[in-house]
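Here is the structure we will look at, set down as structure tokens.
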Amino acid sequence: MDQSAPHHPPHPSNPLNHHHTVTPSSALLSSLHLDPFLHLSLLHLKKNLIASSPTTPHTVESLKSAMLELGLTPKIRNLAYSLSCSERDRKSTPEILQVEQARDDWRQSIYDELLSVCSERGVSIVGPDTQQNKKIRYIFDSEDLFDAIKRIPCSSNLNASLCHNYGLIKLRLSTPDHSVLRTKFSELHPCNRHYGVDEIMTGSSKFIQHRQEVGVKVLQESYVPISRQYARYGIPASLRPEIYRVCLNLPRTFGAKEGEYYKSLREKARAIKYNVVDELFEMDSQTIISNSMSFFPFVENITNVVLAFSRDSWVAQNSTYAAHESIKYEMSDGTNVSIPSSGVQPFKGFVNYIAPLSLVYEDEERIYFTFRGMYSRLWCKLNVISSDSGALIHLCKTFEDLLLAWDPALFMHLLSVNVDPLSIAFSWIHLAFTNVLETEQLLLLWDRLVGYDDLLLLPVLSAAIFTFRSETLMCTSSAQEVKDILDNNSGRRIKVIPLLQAALFRECFK
Amino acid sequence: MSKPPTSSSAPQQNKPSSASSTRVFYFRTTFRNAIYEALKRRGWKETDGDNWDLHWTEREWMSEVFDSIHLSPTQRVNHFRNQRELCRKDLMVKNLKRHKRQLQKEQNAEADAYSFWPLTYVLPGDYALFVEEYKRYPTSFWIMKPVGRAQGKGIFLFKQLKEIAKWKSDSRYNAENKDAETYVVQRYISNPYLVAGRKFDIRLYALVTSYNPLTVWLHRSGFCRFSSTRYSNDAKTMQDTTMHLTNVAIQKKSETYDSETGGKWSLRDLKLYLMSRYGVAVTDRLFYDMEMTILRCLFSVQNIMMNDKHCFELYGFDLIFDDSFKVYVIEVNASPSMSANTKEDMDLKVGLLSNAFDIVDLEGKLQGNETRVGGFDLVHKGIPIKPNSTSQYTTNLGCDIPDDIVRSTEKSVGSTTNGGTPKADDEKGKRDRSGSKVGITGRPAFGAGGRSDSRSGRKTST
């Protein structure tokens with residue numbers, strides 16, 4: 001009922017009350033000048049203005065109204081915001097040597113595995129497949145990535161005692177502690193009403209109505225930071241398709257241009273087959289999606305999406321990180337192809353990132369562009385070997401540091417039964433909990449990932465699950481018992497938001 | 001010292017001792033699937049003799065034995081004597097039509113709502129009537145279903161009358177022949193709502209503990225059973241039973257049948273899917289219509305069912321909706337399958353049955369004013385019971401199942417006053433009131449530390 005606690009601004013769940021200003025730097029302005037979309041828009045605008053009133057001089061007002069009419073205002077505003085964000089996110093520190101080495105090794109090993117599978121099948125990576133032998137195996141999975149990261153040693157020039165002794169991540173990375181997380185995720189405080197908690201309580205219909213009304217207004221604004229702010233409190237299922245679209249800065253309407261683009265990708269996938277790569281994507285889809293309780297009706301759609309994705313060079317050019325490397329291949333006619341064009345090699349479970357969207361969007365196209373947006377902003381960080389803050393290694397270390405701080409006795413006990421907590425939590429983090437949570441809960445979690453444009457809640461949730469099960473875990477006497485308790489199936493009952501709130505703001509639950 | 005987690009099949013040694021009844025309960029059944037599992041988990045013992053407290057019978061036993069034996073006041077059986085009035089395809093339609101006519105005679109507006117079954121005729125008796133109607137719908141497909149068989153056996157589709165000429169000429173199906181196998185012929189719903197191009201139907205569970213007053217508990221979850229092939233209205237595909245019939249027995253024969261998922265969606269998945277596409281209002285309306293369809297089927301047989309305080313029945317309702325979200329009832333099963341083809345399936349069915357046994361309440365743990373037990377919501381007890389008025393939905397169908405028990409403060413739900421004048425309810429007043437705050441399944445409310453895993457009943461004591 002009372003939405004305003006003393007130390008919070010009034011109506012915190014109404015993002016329209018926040019002020020989002022972008023102070024343009026000179027670098028930003030020059031990026032804007034260079035942006036092709038902006039050029040086109042300005043040309044269009046000019047044409048329109050001249051056409052409407054060829055002789056009268058134009059005022060700022062007429063300019064503004066023309067821009068609004070053409071629907072340019074929100075697009076330019078979002079463009080400016082995105083450019084300013086990416087400027088902020090740009091990497092400023094050089095990579096640690098050991099990590100760079102590990103990344104190169106990892107890419108090399110993927111390359112080698114791929115070629116070895118090709119030779120096992122007796123085919124080249126592109127070209128006619130005349131082999132009868134259809135034997136195929138995954139080239140890597142979460143476990144392999146985990147091994148690659150575990151192996152990275154602590155920097156040798158540092159005092160060994162400063163290195164973390166208990167966790168598997170030896171790198172000395174600075175991770176956010178409890179108080180930093182509480183500030184960063186202050187919107188999750190239980191004094192605020194959230195989808196994932198409040199919509200099932202008594203008196204919820206007013207809350208739901210309010211969320212719905214605010215959500216509609218947020219969509220009218222169509223401004224990225226406002227939509228993101230809204231998403232942090234959870235999105236009603238009916239608004240989720242559109243809110244995600246704005247948060248990821250995707251086009252308002254999926255018109256002919258997007259349709260053509262997607263069709264062309266599917267055409268490319270049909271025209272030239274990548275022998276092992278395509279088969280692995282298809283196998284991933286067939287085995288995982290067909291066996292999924294929630295997504296099996298969409299196996300065809302998801303297969304189409306993943307194959308189209310592999311042909312999309314946009315991914316390679318626009319993802320925050322290049323997780324893997326394409327294989328350069330010279331075709332018989334001399335042209336060079338990158339396999340796959342997206343730069344993302346197939347691995348076991350990749351389709352998990354796509355699947356939940358099939359319950360959100362009706363059209364394959366929209367699933368595609370939303371998935372592409374999420375991959376390029378978020379999921380690529382989960383698949384790259386880099387010591388950057390917010391990427392996989394950092395998230396793993398955050399998990400270990402948090403669990404050690406929250407429940408050291410549990411951490412030690414698990415080590416004593418030969419279980420490294422990260423060995424269980426790794427696949428949760430790597431696959432963004434797609435292999436654990438029930439779909440509705442998963443989407444509520446993703447609402448926050450998209451809203452904060454950050455993956456930090458993945459290790460927070462992982463540590464929260466461990467501490468939640470602490471009492472039962474402390475009674476275990478073997479690694480198998482621990483695995484049984486933290487079995488992925490037991491995750492189907494987890495309620496994400498209360499768990500996150502309890503972990504971050506535990507004093508509210510005493 | 002604390003014990004390591006026990007396996008899920010261990011009997012409930014950790015139940016709170018507030019349950020006053022410590023006597024042993026006996027069950028009798030020939031079933032060996034989720035029914036057996038659920039009864040064993042209660043700690044009940046099996047018996048072959050007549051000292052059972054609960055007999056989970058087959059319908060044949062009901063028609064052959066039930067009338068001839070004497071039952072003690074506390075014994076329970078899982079069928080009503082004449083359940084076929086609801087569960088046989090021809091009798092159900094007969095009763096629905098009769099009830100509708102009655103409502104029309106009374107000029108009750110409710111009569112208009114009784115349009116949730118497709119045009120149906122019983123053969124061979126109504127053959128002439130059917131042919132008249134058939135001529136009015138020249139482009140329709142029709143579906144023939146034998147009334148006495150299950151699992152989709154003997155069902156076929158046709159468009160031309162000549163396709164059933166052979167069936168008709170067979171002397172077994174002669175209208176004069178008393179032993180003729182009865183069929184229903186229905187106008188086929190050719191525009192079912194499709195998900196990813198595939199047809200599906202919906203299985204919902206309703207527990208009726210009395211027909212006087214009509215007491216109905218509706219389970220919040222259920223299944224959507226998908227056909228494994230993409231749907232098509234093309235006449236050439238009419239013979240393809242895997243496309244048009246969604247029974248699991250038929251689907252299992254399909255090449256693309258997936259035994260791991262069993263081609264089933266949970267009701268919650270359907271709800272999420274529909275909410276994302278159409279919003280809350282449409283989804284809620286649809287689920288509300290499904291609940292009302294179930295209730296209306298029960299209303300139509302309420303007065304002819306032989307009520308008996310020993311009887312309860314767990315029905316499996318099969319519903320379908322078309323592309324304009326109109327709900328139809330396909331059939332009602334008095335003996336819905338309790339076999340499971342996946343672990344999730346088994347868990348749902350064992351949970352369902354356990355909740356049902358909680359409601360039948362041989363152990364005397366209920367206070368009598370509960371409105372939700374496990375996944376079952378009380379939706380009718382003489383009068384309709386609405387969900388919590390502050391909820392955004394008009395029905396609890398498809399909602400999440402919390403862990404605690406919900407008790408109503410409404411007098412109408414309590415054991416002291418009722419909508420009707422039931423004789424059967426006198427006994428409730430004599431039962432022991434031992435309900436504890438912890439809840440009927442002995443689980444603490446969410447948020448308490450060290451919550452036990454609900455499925456396996458693991459609990460640690462320190």
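Here are some notes:
- From the list A:Lys268, A:Lys273, A:Lys217, the one residue that fits, being in contact (Cβ under 8 Å) with a residue 12 or more places away in the chain and touching a strand residue (DSSP E or B) at 6+ places or on another chain (Cβ under 9 Å), is A:Lys273.
- For the stretch A:189-215, a residue qualifies if it is of a type in the set (Phe, Trp, Tyr) and in contact with a Leu (Cβ under 7 Å, 6 or more places away or on another chain), and exactly one does: A:Tyr195.
- Here the helices (runs of 4 or more DSSP H) wholly within the stretch A:315-434 that include at least 1 residues being of a type in the set (S, T, N, Q) and within 27 Å of A:Ile96 (Cβ to Cβ) are A:364-377, A:392-406, A:421-430.
- Only one of the numbered conditions (1) crowded, with 22+ Cβ neighbours inside 10 Å; (2) more than 14 Å from chain B (Cβ to nearest Cβ); (3) modelled with pLDDT of 90 or more is violated by A:Val276, and that is (3).
- Candidate set: the stretch B:312-348, residues that are among the hydroxyl-bearing types (Ser, Thr, Tyr) and away from chain A (no Cβ under 14 Å); chosen: the one farthest from B:Asn82 (Cα to Cα): B:Ser324
- With respect to the stated conditions, B:Asn369 fails to be more than 23 Å from A:Glu440 (Cβ to Cβ), out of contact with any Leu (no Cβ under 6 Å at 6 or more places or on another chain) and within 14 Å of chain A (Cβ to nearest Cβ).
- Among residues of the stretch A:353-381, those that are under 23 Å from A:Arg137 (Cβ atoms) and surrounded by fewer than 22 Cβ atoms within 10 Å (Cβ to Cβ), counted: 1
- Test: residue in the stretch B:324-346 that is among the hydrophobic types (A, V, I, L, M, F, W, C), more than 15 Å from the chain's Cα centre (by Cα) and modelled with pLDDT of 95 or more: yes
- For A:Trp379: the one exception among (1) touching a residue at least 60 places away in the same chain (Cβ under 8 Å); (2) more than 14 Å from chain B (Cβ to nearest Cβ); (3) not small (Gly, Ala, Ser): (1)
- Some residue of the stretch B:83-98 being among the polar types (S, T, N, Q) and at pLDDT below 90: no
- Residue among A:Arg252, A:Arg228, A:Arg266 that is away from chain B (no Cβ under 12 Å), surrounded by 15 or more Cβ atoms within 10 Å (Cβ to Cβ) and in contact with a Gly (Cβ under 8 Å, 6 or more places away or on another chain): A:Arg228
- Boolean, A:Ser490 is in a helix (DSSP H, G or I), surrounded by fewer than 23 Cβ atoms within 10 Å (Cβ to Cβ) and among the hydroxyl-bearing types (Ser, Thr, Tyr): yes
- Selection count where residues are within 14 Å of chain B (Cβ to nearest Cβ) and touching a His at 6+ places or on another chain (Cβ under 6 Å), scope the stretch A:173-223: 0
- Qualifying residue in the stretch A:456-471 (condition: over 19 Å from A:Glu440 (Cα atoms), more than 11 Å from chain B (Cβ to nearest Cβ), charged (D, E, K, R) and not in a loop (DSSP other than H, G, I, E, B)): no
- Restricting A:Ser338, A:Ser313, A:Ser290 to residues that are surrounded by fewer than 20 Cβ atoms within 10 Å (Cβ to Cβ) and within 13 Å of another protein chain (Cβ to nearest Cβ) narrows the list to A:Ser290.
- Residue match in the stretch A:411-432 (condition: in contact (Cβ under 8 Å) with a residue 40 or more places away in the chain, surrounded by 21 or more Cβ atoms within 10 Å (Cβ to Cβ) and within 14 Å of chain B (Cβ to nearest Cβ)): no
- Condition check for B:Asp308: touching a residue at least 40 places away in the same chain (Cβ under 8 Å), among the charged types (D, E, K, R), closer than 30 Å to A:Asn291 by Cβ and assigned to a loop (DSSP other than H, G, I, E, B): no
- A:Asp129 being of a type in the set (Asp, Glu), at pLDDT below 90 and touching a helix residue (DSSP H, G or I) at 6+ places or on another chain (Cβ under 9 Å): yes
- The listed residue being under 26 Å from B:Phe317 (Cβ atoms), among the polar types (S, T, N, Q) and either touching a strand residue (DSSP E or B) at 6+ places or on another chain (Cβ under 6 Å) or modelled with pLDDT under 90 (or both), out of B:Thr30, B:Thr57, B:Thr47: B:Thr57
- Count of the stretch A:187-209 residues which are touching a residue at least 60 places away in the same chain (Cβ under 8 Å) and of a type outside the set (D, E, K, R): 10
- Hits in the stretch B:264-311 (condition: within 19 Å of the chain's Cα centre (by Cα) and small (Gly, Ala, Ser)): B:Ser266, B:Ser300
The values are calculated or read from the model by the stated rules, or taken from the named source; none is laboratory data. Keep in mind it's a predicted model, so treat the numbers as computed, not measured. Virtual Cβ from ideal backbone geometry, glycine too; neighbours counted across all protein chains shown.
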